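Structure, as structure tokens:
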Protein chains: 2
Amino acid sequence: MRALLMAFLLSVTVPALAQQPALNLMPLPASIQLGAGQMILDASFSAGINGHSDPRLEGSVERFLTVLRRQTGTPPLLMRLTGDPQAKFVVEAGQANRLVPELGEDESYRLEITTNNAKLSAATTLGVMRGLETFLQLVESTPQGFAVPALTIVDRPRFPWRGLLIDVARHFIPLDVLERNLDGMAAVKLNVFHWHLSDNQGFRVESKKFPKLTGMGSDGFYYTQDQVRELIAYAAARGIRVVPEFDMPGHSTAWFVGYPELASAPGPYQIERKWGVFDPAMDPSEERTYRFLDKFIGEMSGLFPDRYFHIGGDEVNGKWWDANPKIQAFKRAHGLKTNQDLQAYFNQRVEKIVSKHGKILIGWDEILHPDLPTNIVVQSWRGQESLAQAAKQGFRGILSYGYYLDLMWPAARHYAVDPMSGAAANLSPEEAEHILGGEACMWSEYVSPENLDSRIWPRLAPIAERLWSAPSVVDVNFMYRRLEVTSRWLDWLGLTHNSSYPPMLRRIAGSDQIAALRTLADVVEPVKDYTREETAPLEPTSLMPLDRLIDAARPESATGRHFGAMVDAWLADPAAAPAKEQLRGMLNEWRDNQSSLQPFETQSFLLQEIIPVSQNLTRVATAGLEALGYLERGERPAEGWKSQTLAALGDAGKAQAQLLLVIVPAIEKLVEAAGGGSPAGLSR
Amino acid sequence: MRALLMAFLLSVTVPALAQQPALNLMPLPASIQLGAGQMILDASFSAGINGHSDPRLEGSVERFLTVLRRQTGTPPLLMRLTGDPQAKFVVEAGQANRLVPELGEDESYRLEITTNNAKLSAATTLGVMRGLETFLQLVESTPQGFAVPALTIVDRPRFPWRGLLIDVARHFIPLDVLERNLDGMAAVKLNVFHWHLSDNQGFRVESKKFPKLTGMGSDGFYYTQDQVRELIAYAAARGIRVVPEFDMPGHSTAWFVGYPELASAPGPYQIERKWGVFDPAMDPSEERTYRFLDKFIGEMSGLFPDRYFHIGGDEVNGKWWDANPKIQAFKRAHGLKTNQDLQAYFNQRVEKIVSKHGKILIGWDEILHPDLPTNIVVQSWRGQESLAQAAKQGFRGILSYGYYLDLMWPAARHYAVDPMSGAAANLSPEEAEHILGGEACMWSEYVSPENLDSRIWPRLAPIAERLWSAPSVVDVNFMYRRLEVTSRWLDWLGLTHNSSYPPMLRRIAGSDQIAALRTLADVVEPVKDYTREETAPLEPTSLMPLDRLIDAARPESATGRHFGAMVDAWLADPAAAPAKEQLRGMLNEWRDNQSSLQPFETQSFLLQEIIPVSQNLTRVATAGLEALGYLERGERPAEGWKSQTLAALGDAGKAQAQLLLVIVPAIEKLVEAAGGGSPAGLSR
């Protein structure tokens, strides 16, 4: 089936690409002016720095050359950084950017490529970093060798805050895994790594002042302060800020394991193994809480150089505050009517501490309160509405609603979310300036170092484009075409979103022979939103292996998307006979796949839950073939066939083993068409 | 085709495996006694150390658990090392092994697994390391979960010296790449990493006494002394010795770039970019040569703790000695008749230096000379003959002849080479004891960090088996069956021999759509022995990219091997109709593959040399289909068909783009059979 599919893709995408400049850039630059011809990247290629230079700039060019050599298979003796002003590729930065990148620094650049040479110029080293990534994405294989097209690109970001949150609390993520994801972030021009460092399930940063935070709250899985510094330097070298988050007063059980005196109820506490919103919260009525936080935030403010300090502030259910008479008395004494008021009081106290240590506070929507100073930043997980509300009150904000990678949405759905849309669309120009950008969020309930990359990539790239490129860049088909190339291109950076897939399937199959399992895995997706938790056969915990097909399957099935497009195209023009043969080939393979998978059923316990999914695939493909047959013969199916088949497809479309068979909707279209469905019926 | 092939493999290998214990161990242990049932590896699994413990032993168990968790997808909170003596898996070492592993230390172990628990006991930590690797290879997926079979294994190595040489001089190999290969070595129980650190093309170790060695002789690609210490510690933690080689008096141009006074002719010198045997050699007639070597070897003896110090000594052509009147006069003055005598004089001088610094000298065959002390070790690249000769003279020896991985031999050919065969078979028991083992050699003319693993693995595993397992373990089919599983299993260690293949093909195709290229790549092999050099269109150098199909193609095509076996099986029993359909399916895909590849021809310059290979594949497959048709119909082909077809196949079987189409011999068998060839004709 894959060979067939590939042949099909070739025939439809090559002509389509020919109509647009075949540039696989993501994010798309602000302006591209194509020239004539190309510059060949051969042994004569070298890079030079003109004017201002500094170690970071040199490091950026060296890293660029390393990736370029990898892409082109060039030995390390070639494509070097030279002192020669006649280098083929000259890089010019007006000045260094800040040692630690800061919000709002100039990231613009200009890249000019002729058939003879190339020049990248930028106001700062930061702009050079962005432009170097663009250059790498331009490299293509041509009949003459590796080359970049002659062109002029002038580019700058739309938003100054373009981030990715990785939750390292629920599942610990080792430093090298974070680092390769920072490489990916830099490649798509993101500039903020939001490090979610503490939660109920773990406290992940060494504190020298409070060693029991990790000593008792981390299971031994945490970053030393040296490692934190290493990661910050790694990020800074790539023009990425690191914003730490220490979630408080809720999401804080892990703090209480070592320091129960911080909590609103007596301990002892244990590291939480389950997922969800839990009752424990800090005690906002005790001065010792603020003394602790003052010391802790002071220590962390020294460790994390970024101006912004994230205190979380989300999902405090208030149950323990209600249950504690002393806290109730405190509320009454301070005229705090609700728990929201109490949290606002807490936030004001913490804001003063954060501010005292030279930082600016950032927190989730819930912190929004008029008593906080307007220099704070609100991160909205609830929608553009709260962002707009904040902006109107003079607060700055970033959007994360719509960018939750753990919800397993297709890229197009994230891509459609714009920080300036919805309620934010009606802001005045001054108010609109308060919206700084957005952050994708990778919450890690179902994420391990093995599958993290596949949950982040490639879907992060379109979100990065949303935050970098012009708001008019919204063509979904064009996005997907570039995304498929970008996804593969990211492999050169060492990201494992593609490469970890076959080993995970081999583990599930208990065998090296995964052809049949892969055919099935290619057409399923994990259930969406919070369905995994809601439909879990056993209550999920951090002790559970992430070794099921739901953990290996891609959040978005490319095969499913292609098949849907093929069905649509063929229904629109049924005379296209090759398309029909391709559809038939795919459907035949799917129908017969269960018989190929069956011999493995008895080998591996991990396959057993998948068998019903595989049987559904046979049913669904059989229905598709029947529909194709009726359509081909121009024959009217028997009475009741359509309704019975649609009912069966409805069943097969339901989640099984927490997986969705993504070809069902397209097959339903075929059945509708075969059964004489109206065009309206086709549009579903 | 792959789906077809997989289905076929399934049907033939599963019953075959059922006849033998389905243990995929490589190397095969000295003794296996299968028990009943299995031990399930679930959340209750933990490991404990009983009796003697030390950090290295703990580290070994921790590393074991890390790989076990990776194999089984277990979260890091489970499968831990506990202090509990009731742990499911108890490890016992009688004592620590030496801090730096030494030749001849006890590596034996005993592994007992019951349905309830497992115990590994060994005389030393070294034996524990070997046994832990065996345990990992026993893990399999079962209907009940991951498990290891109940059994008792008693194991010990056949030879005490089991090594791999990696040449880091011709192409520099970064430390992390070496380290993952050390993981692989440990997995197949190899115990010597022979680090070929200097050659004409580069000097790769920092010398503080002679900084120009790397300052001028390395292009900036070398290991610092800290990195060397890191690698030695990494190896020691895995029970692997590190033997450094500094090749002298030949293969030494890189030394002369910084220190021309060492050479037999005045400089200046440049780092050599070409491959082969070159004229420059050290001046054995000058005392300053020995003073330099005394200081240098003294420094390196402190850096490298192993008792053995390799001085190379191979391939001195003597031309510059002949051309230097002073050296000629020296020879006459010392009664040295030949250049061999002169080199023997040099070796004796160097041996005294090496010995003075507490080391034992090892060198290639050429150093063998009765005037050297008998404690030295001879490494034979020329055959068992010189090994036997050395043993008879009282020297110890190791075999590398027959284990050159760069010659692109199939695994079976390496596997057939036994250090004790040939001339060595006739040694007396005392003499035979002088043969310590062997070393595979990875010379790096055509090796980059990207394809190194694929040149070493999986073919190193059968060589490791030859050196560890009993000499009676020679069944090639059984070896290949285990090798396929071992190759995939090694993926868990991070080796890239499998994972680097698709990205390299994508680079060649200049596209993500590599299905057709892969079908072709799967049935070609690089030319063998030194043919690549001999038939190179341009003289190869270290500046050339290693980005062609010859660099990506596997040294041994599994598809070719399987196809050959299928043809043999079907010709032996032509009534087996499914086999015929599978053959036809494969041949059809190969015949049609060029039409799938063709659209890419014009895209990528790297594809262009491959097109004739692809066209040959079409021709060859067409011939195979014709033969199949005649055989199926029982029809006699037309006069001349057989001879014409065989002639055409002979052409298609010749190297093209330095690649061999490996299915040609099997197709020739089909043509012979269809043309009425005799059984003798079939056996070719």
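Bear in mind that the values in this text are calculations on the coordinates, not laboratory data. If you're wondering where the values come from, they're calculated on a predicted model, not measured in any experiment. Heads up, the Cβs are rebuilt from the backbone with ideal geometry, glycines too, and the neighbour counts pull from every protein chain shown.
When the Kirkwood radius is taken over all Cα pairs of segment A:102-234, what Stokes-Einstein diffusion coefficient follows at 37 °C and 0.692 mPa s, in µm²/s?
On the way: Rh = 17.4 Å.
The calculation lands on 189 µm²/s.
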Requested in this report: Rounded to whole Hz and in sequence order, give me ³J(HN,Hα) for segment B:428-439 from the Karplus expression 6.51 cos²θ - 1.76 cosθ + 1.60, θ = phi - 60°, writing x for Gly and Pro.
Outcome: 6, x, 5, 4, 4, 5, 6, 8, 8, x, x, 9
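Rounded to two decimals, what is the ratio between the C-alpha radius of gyration of chain A and 2.2 N^0.38 Å? Please list the in-between numbers first.
Numbers: Rg = 27.1 Å, N = 684, 2.2 N^0.38 = 26.3 Å.
In units of the globular-protein estimate, chain A measures up at 1.03.
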Report summary line: Rounded to the nearest Å, the spacing of the alpha-carbon centers of segment B:377-430 and segment B:638-663 is 36
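Mind running the shape call on segment A:63-115? Use the C-alpha gyration tensor, a ≥ b ≥ c as the square roots of the eigenvalues: rounded below 1.5 for a/c, prolate if a/b tops b/c, oblate otherwise.
It comes out prolate by the Cα gyration axes.
Within 10 Å of each Cβ of A:498-507, how many other protein chain Cβ atoms are there on average?
On the way: counts 4, 7, 1, 0, 5, 8, 1, 0, 5, 7.
Across the residues of A:498-507, the mean count of other-chain Cβ atoms within 10 Å is 4.
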Query raised in the report: What's the FRET efficiency of A:Ala416 with A:Leu543 using the Cβ-Cβ distance as r and R₀ = 30 Å, to the nearest 0.05?
Result: 0.25
**Report entry** Sum of side-chain charges, A:Thr535 neighbourhood, beta-carbon under 12 Å (Lys, Arg +1; Asp, Glu -1)
**Finding:** -1
**Report entry** Calculated label separations, B:Asp226, copies of the chain, 7 Å along the beta-carbon direction, nm
**Finding:** 1.0
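Taking the Cβ of B:Lys274 as the center, what net charge do the other residues with Cβ under 11 Å away carry, scoring Lys and Arg +1 and Asp and Glu -1?
Numbers: positive: B:Arg170, B:Arg273; negative: B:Glu272, B:Glu445, B:Glu533, B:Glu539.
Taking every other residue near B:Lys274 into account, the sum is -2.
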Query raised in the report: In terms of Cα to Cα distance under 17 Å, which lysines are near enough to B:Lys669, apart from those fewer than 8 places away along the same chain?
Result: B:Lys580, B:Lys642, B:Lys654
Report task. Show the residues, 5+ positions off or on another chain, whose built amide H is closer than 5 Å to the amide H of A:Ser46. Result -> A:Lys88, A:Phe89
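Calculated FRET efficiency, B:Glu102 and B:Asp475, Cβ-Cβ r, R0 35 Å, to nearest 0.05?
Details: r = 33 Å, r/R0 = 0.95.
E(calc), rounded to 0.05, equals 0.60.
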Query raised in the report: With the calculation restricted to Cα positions, what are the radius of gyration and Dmax of the protein assembly as shown in angstrom?
Result: 33.5, 110
Query raised in the report: Since chains B and A are linked by a rotation, which residue in B has the beta carbon closest to its axis, and how far is it in Å?
Result: B:Ser499, 3
Query raised in the report: Setting aside same-chain residues fewer than 8 positions from B:Lys326, which aspartates and glutamates have a Cα under 20 Å from its Cα?
Result: B:Glu261, B:Asp279, B:Asp283, B:Glu286, B:Glu287, B:Asp341
Query - Residue-wise HN-Hα coupling along segment A:602-618, computed from phi with Karplus coefficients 6.51, -1.76, 1.60 (Hz; x: Gly, Pro) - result: 7, 7, 10, 5, 6, 7, 5, 6, 8, 3, x, 5, 5, 5, 4, 4, 4
Query raised in the report: Which ³J(HN,Hα) values in Hz, rounded to whole numbers, follow from the phi angles of segment A:642-648 under the Karplus curve 6.51 cos²θ - 1.76 cosθ + 1.60, where θ = phi - 60° and Gly and Pro get x?
Result: 4, 5, 5, 5, 5, 5, 5
Query raised in the report: Summing Lys, Arg as +1 and Asp, Glu as -1, what charge do residues with Cβ under 11 Å from the Cβ of B:Tyr222 carry, B:Tyr222 excluded?
Result: -1
**Report entry** Difference of contour (0.36 nm per residue) and Cα-Cα distance, B:Ala572 to B:Asp341
**Finding:** 77.3 nm
Report summary line: For B:Leu41, the residues 5 or more places away or on another chain with a placed amide H closer than 5 Å to its own amide H are B:Phe146, B:Ala147, B:Val148
Query raised in the report: From the square roots a ≥ b ≥ c of the eigenvalues of the alpha-carbon gyration tensor of segment B:368-481, which class results: rounded (a/c under 1.5), prolate (a/b over b/c), or oblate?
Result: oblate
Query raised in the report: So, in Å, what gap is there between the alpha-carbon centers of segment B:136-213 and segment A:88-146?
Result: 40
Query raised in the report: Once amide H atoms are placed 1.01 Å from N in the peptide plane, what residues at a sequence separation of 5 or more from A:Gly397, or on another chain, have their amide H within under 5 Å of its amide H?
Result: A:Val378, A:Ile435, A:Leu436
Query - Sequence ranges B:351-358, B:507-514, B:302-309, ranked by mean other-Cβ count within 10 angstrom, highest first - result: B:507-514, B:302-309, B:351-358
Requested in this report: Mind checking which aspartates and glutamates have their Cα closer than 13 Å to the Cα of B:Lys392? Skip sequence neighbours fewer than 8 apart in that chain.
Outcome: B:Glu430, B:Glu431, B:Glu433
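Is there a pair in B:Lys331/B:Lys352; A:Lys119/B:Lys212; B:Lys208/B:Lys319; B:Lys295/B:Lys319; B:Lys189/B:Lys274 whose C-alpha atoms are over 24 Å apart, and which pairs would that be? Walk me through the numbers before you get to the answer.
Numbers: B:Lys331/B:Lys352 20 Å; A:Lys119/B:Lys212 36 Å; B:Lys208/B:Lys319 32 Å; B:Lys295/B:Lys319 27 Å; B:Lys189/B:Lys274 35 Å.
Pairs exceeding the cut-off: A:Lys119/B:Lys212; B:Lys208/B:Lys319; B:Lys295/B:Lys319; B:Lys189/B:Lys274.
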